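Okay, structure first, notes after.
The values are calculated or read from the model by the stated rules, or taken from the named source; none is laboratory data. None of the values given here were measured: they were computed from a predicted structure. Cβ placement follows ideal geometry from the backbone for every residue including glycine, while neighbour counts extend to all protein chains displayed.
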Amino acid sequence: MEVKLKLENNMEIVASNKSGLETMFDAYPAAGAEGKAATPMEVMLETIGACSMMDIATIIRKKRKQITKLEAIINSERAAEHPKVFTKVNIKYILTSPDAELNDLERAVELSHSTYCAVSAMFKRSGSEVNTESELIKA
């Protein structure tokens, strides 16, 4: 796996993969940037959500359950001193489905975070506490 990054303007950075897909990064205006894109730390939180949600969707679908909507809300805490790493990440998964049960979602979340999601493993191995919560909405 390889990616390339280049500084575009001020603090704006464009990352691209071998397929040419791009990800934009920026910093907050308080840091002298323009705030046109997510910060690297925000993207880190987005990646743990995206990685685990892909696992969860796959597992739920393998159980032949329908997904009307799948969402995640992620909150975090960071160290007070530099480097300000994540010390705690709380993820709430919300599944809307006409036929899935809460235990289907909980099991998919457990499998993702214990076995499949490499991003979650990286967070945990770096010392971050990762907590999950599941909510089912019948539709």
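Summary table
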quantity	calculated
So residue 57, is it touching a helix residue (DSSP H, G or I) at 6+ places or on another chain (Cβ under 9 Å), at pLDDT 95 or above, surrounded by 15 or more Cβ atoms within 10 Å (Cβ to Cβ) and part of a helix (DSSP H, G or I)	yes
Scope the range 117-131; condition surrounded by 14 or more Cβ atoms within 10 Å (Cβ to Cβ) and among the hydrophobic types (A, V, I, L, M, F, W, C); matching residues	117, 119, 121, 122, 123, 130
Residue list for the range 111-139, filter: in contact (Cβ under 8 Å) with a residue 12 or more places away in the chain, of a type outside the set (A, V, I, L, M, F, W, C) and not in a strand (DSSP E or B)	112, 113, 116, 120, 126, 127, 128
Inter-residue pairs, beta-carbon under 9 Å, first assigned by TED's automatic domain parsing to the domain that holds residue 120 and in the range 68-79, second part of a loop (DSSP other than H, G, I, E, B) and hydrophobic (A, V, I, L, M, F, W, C), 6+ apart	68/139; 69/139; 78/85; 79/85
Yes/no for residue 20 being modelled with pLDDT under 95 and over 22 Å from residue 132 (Cβ atoms)	no
Residue list for the range 114-139, restricted to those being basic (Lys, Arg) and closer than 17 Å to residue 60 by Cα	138
Filter pass, residue 56 being free of Cβ contacts under 8 Å to residues at least 60 places away in the same chain and among the aliphatic types (A, V, I, L, M)	yes
Residues located in the range 60-88, provided they are out of contact with any strand residue (DSSP E or B) (no Cβ under 6 Å at 6 or more places or on another chain), surrounded by fewer than 12 Cβ atoms within 10 Å (Cβ to Cβ) and under 15 Å from residue 130 (Cα atoms)	none
Residue ID - nearest to residue 52 (Cα to Cα), chosen from residues in the range 87-110 that are assigned to a strand (DSSP E or B) and among the aliphatic types (A, V, I, L, M)	91
